[in-house]
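Visitor: Have a look at this one.
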Amino acid sequence: MPLAGKFVVQAKHTQNPVASCADAEFGRILIREQPKISSLIENGELEHYLVFTNRKKPAGDGTTKERGLKELGLVSAHLLGLEQLRIWLTHHPKIWSQLGFDRFETPLRIQTEDITAVVSAFHATLDGNPLSGGSEDFTYVPKPQKNKINKLTNAYWEEIRTRSLPYFKTIEDFLSNPRNIDFKDMYEDTADEIRRKLITAAPAFESFDEALTCIIDLVTEDNPELKTRRRFATVFLHYMYYTCDIGQHADTVQTP
């Protein structure tokens, strides 16, 4: 439901590419705003407070800070971080181009409809059935060099290996089934788009952990079709990385 009433909208920009709303510095910025907010509330000039920032917004910390602001007497308080801004710009790319920002950097934007359809169809084929095989049945290709080149951390790799790898044989069977040729085409189109967009993304991601997390968020957030299938979207993105459909190949890089 749209908000109605009296608003204050602020932008809190930082030059730090890894800054977070959880940082103590950002907490101090909000604390300095509190006397002004309280004064405006007391004078009947403020009901809703919105802060836009290019910092990352951890879910729990953002909720805590928003709750603290509401306790000042606000009807609502909203911290809108980098992830949310990316999602909005992805869904409304004309805003970015009309403002002229596309001349200077390329925000990561992908079409989510195809991968949504693929994940939904894959989920439907499971329907409570056991996975076809397990991680021991899926060809395991050592990835230390690829992980190093793409700056994927050991912790994230272990998450892929232990939680997503058991599904990979089932995904391979699903995509190779002639009946699913349309879904295979959708999958390959999505992988091709992600691969190209990651090459030109600006600013570049600090690690592939961050890139995968961003893409997963773009695909799943505010996507009602994946409401109970978000984990399968994650598995598909991990499969793309594992099979080298996205990310830099180790064998294409010359080792000294």
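Visitor: Considering region 1-20 alone, what residues qualify as being closer than 22 Å to GLU47 by Cα and either surrounded by fewer than 11 Cβ atoms within 10 Å (Cβ to Cβ) or under 24 Å from the mean Cα position of the chain (by Cα) (or both)?
Guide: Answer for region 1-20, where residues must be closer than 22 Å to GLU47 by Cα and either surrounded by fewer than 11 Cβ atoms within 10 Å (Cβ to Cβ) or under 24 Å from the mean Cα position of the chain (by Cα) (or both): MET1, PRO2, ALA4, GLY5, GLN10, ALA11, LYS12.
Visitor: Confirm whether ILE95 is in contact with a Ser or Thr (Cβ under 7 Å, 6 or more places away or on another chain) and not in a loop (DSSP other than H, G, I, E, B).
Guide: Taking the combined requirement at face value, the residue does not satisfy it.
Visitor: Condition first: in a helix (DSSP H, G or I) and at pLDDT below 90. Now tell me which residues in region 226-256 satisfy that.
Guide: ALA250, ASP251, THR252
Visitor: Could you go through region 200-208 and let me know if any residue there is touching a Leu at 6+ places or on another chain (Cβ under 8 Å) and either in a helix (DSSP H, G or I) or among the charged types (D, E, K, R) (or both).
Guide: Yes.
Visitor: Would you check if there is a residue in region 141-149 being buried (at least 19 other Cβ atoms within 10 Å of the Cβ) and modelled with pLDDT of 85 or more?
Guide: yes
Visitor: Could you tell me how many of the residues in region 1-17 are touching a strand residue (DSSP E or B) at 6+ places or on another chain (Cβ under 8 Å), on the phi < 0 side of the Ramachandran plot and not in a strand (DSSP E or B)?
Guide: Here the count works out to 4.
Visitor: Let me ask something else about it. Answer yes or no as to whether LYS227 is loosely packed, with under 13 Cβ neighbours inside 10 Å and either of a type in the set (Asp, Glu) or out of contact with any His (no Cβ under 9 Å at 6 or more places or on another chain) (or both). It would help to see each step written out before you state the result.
Guide: Working: loosely packed, with under 13 Cβ neighbours inside 10 Å: yes; either of a type in the set (Asp, Glu) or out of contact with any His (no Cβ under 9 Å at 6 or more places or on another chain) (or both): yes.
It is true that LYS227 is loosely packed, with under 13 Cβ neighbours inside 10 Å and either of a type in the set (Asp, Glu) or out of contact with any His (no Cβ under 9 Å at 6 or more places or on another chain) (or both).
Visitor: Within the group ILE95, ILE31, which residue is of a type outside the set (D, E, K, R) and either assigned by TED's automatic domain parsing to the domain that holds THR234 or at pLDDT 85 or above (or both)?
Guide: Criteria check complete, one pass: ILE31.
Visitor: On to the next question. I'd like the residue in region 182-201 that is more than 11 Å from VAL118 (Cα to Cα) and loosely packed, with under 13 Cβ neighbours inside 10 Å and, out of all such residues, is modelled with the highest pLDDT.
Guide: Out of the qualifying residues, it is ASP192.
Visitor: Would you be able to tell me the number of residues in region 42-83 that are of a type in the set (Lys, Arg), more than 15 Å from GLN10 (Cα to Cα) and assigned to a loop (DSSP other than H, G, I, E, B)?
Guide: 1
Visitor: Go through (1) modelled with pLDDT of 90 or more; (2) within 18 Å of the chain's Cα centre (by Cα); (3) surrounded by 14 or more Cβ atoms within 10 Å (Cβ to Cβ); (4) under 22 Å from LEU89 (Cα atoms) and name the single condition PHE205 misses.
Guide: Looking at each condition in turn, PHE205 falls short on (1).
Visitor: Quick check on region 216-225. Is at least one of its residues within 17 Å of ASN150 (Cβ to Cβ) and at pLDDT 90 or above?
Guide: yes
The values are calculated or read from the model by the stated rules, or taken from the named source; none is laboratory data. All values reported here derive from a predicted model rather than from experimental measurement. FYI the Cβ positions are ideal-geometry reconstructions off the backbone, even for glycines, and counts take in every protein chain you see.
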